[in-house]
Amino acid sequence: MKTILKSFWPGIACFLFSSVAFFLPGSALPEDDWLGKIQMDKIVHVALFTIMVIVWCIPVFHRPALALRLPKLLILIPFVFFGYSIIVEFVQDFFILGRSFDLMDILADALGCLIGFLFVKQYQRFLTDVK
């Protein structure tokens, strides 16, 4: 199977995109009431952090220089993004107009990191079975 995701560029792009979205002022965000009722914000948080963990972990498999540190990196990357999510909430609360700290966002981000980690572990098992 040919792997498409061997570069860190998708991870960098995803990180930059999400950072811009997280640091927009509250006035720039849509205020549709039905989105709040279905908790679309939390779904977006889960999806973004799942994708970020995946697009940062998968290229690690294809770097021979990182092979010895693979287990540590696969655990470190989700924890780094979880820490980033906590920092984002504090920055939103103290520095971004119209934004506030939301513990549920952090929990959604943690869930996204966990889902991404589980996907990556499954991918690792798949690679091991193929070899």
| So if R0 is 25 Å, what FRET efficiency would R69 and F17 give, r being the distance between their Cβ atoms, rounded to the nearest 0.05? | 0.40
| Mean residue ellipticity (222 nm) of the chain, computed from DSSP H runs ≥ 4 via -39,500 (n - 2.57), nearest 500 | -25000 deg cm²/dmol
| message | What distance in nm separates the two pseudo spin-label positions at Q122 and L103, each 7 Å out from Cα along the beta-carbon direction? | response | 3.1 nm
| message | Probe radius 1.4 Å, ligands and nucleic acids ignored: give me the carbon and sulfur share of the accessible area of the stretch 63-131 as a rounded percent. | response | 75 percent
| Accessible-area order (highest first, 1.4 angstrom probe) of the listed residues T128, T50 | T128, T50
| Gained length - D41 relative to F79, 0.36 nm times residue gap less alpha-carbon distance | 11.6 nm
| query | Convex hull over the alpha-carbon atoms of the chain: what's its volume per residue in Å³? | reply | 117 Å³
| query | In the chain, how many lysine pairs have Cα atoms under 28 Å apart, counting only pairs 8 or more places apart or on different chains? | reply | 10
| note | Diffing the stretch 106-112: the Karplus 3J(HN,Hα) column from phi (6.51, -1.76, 1.60, θ = phi - 60°), in whole Hz with x for Gly and Pro, holds 5, 5, 5, 5, 4, 4, x
| said: Between F94 and W9, what is the label-point separation in nm under the 7 Å Cα-to-beta-carbon projection? | reply: 3.7 nm
| query | Per-residue accessible area for K6 at 1.4 Å probe radius, Å² rounded to 10? | reply | 100 Å²
| said: Whole-Hz ³J(HN,Hα) for each residue in the stretch 113-123, computed from phi via Karplus 6.51 cos²θ - 1.76 cosθ + 1.60 with θ = phi - 60°, x for glycine and proline: what do you get? | reply: 4, 5, 4, x, 4, 5, 4, 5, 5, 5, 4
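The values are calculated or read from the model by the stated rules, or taken from the named source; none is laboratory data. Note that the structure is a prediction, hence the values are computed from the model and not measured. Glycine gets a Cβ as well: all are built from the backbone with ideal geometry, and neighbour counts include every protein chain shown. SASA here: full protein model, heavy atoms, side chains in, ligands and nucleic acids out. Shrake-Rupley method; radii C 1.70, N 1.55, O 1.52, S 1.80 Å.
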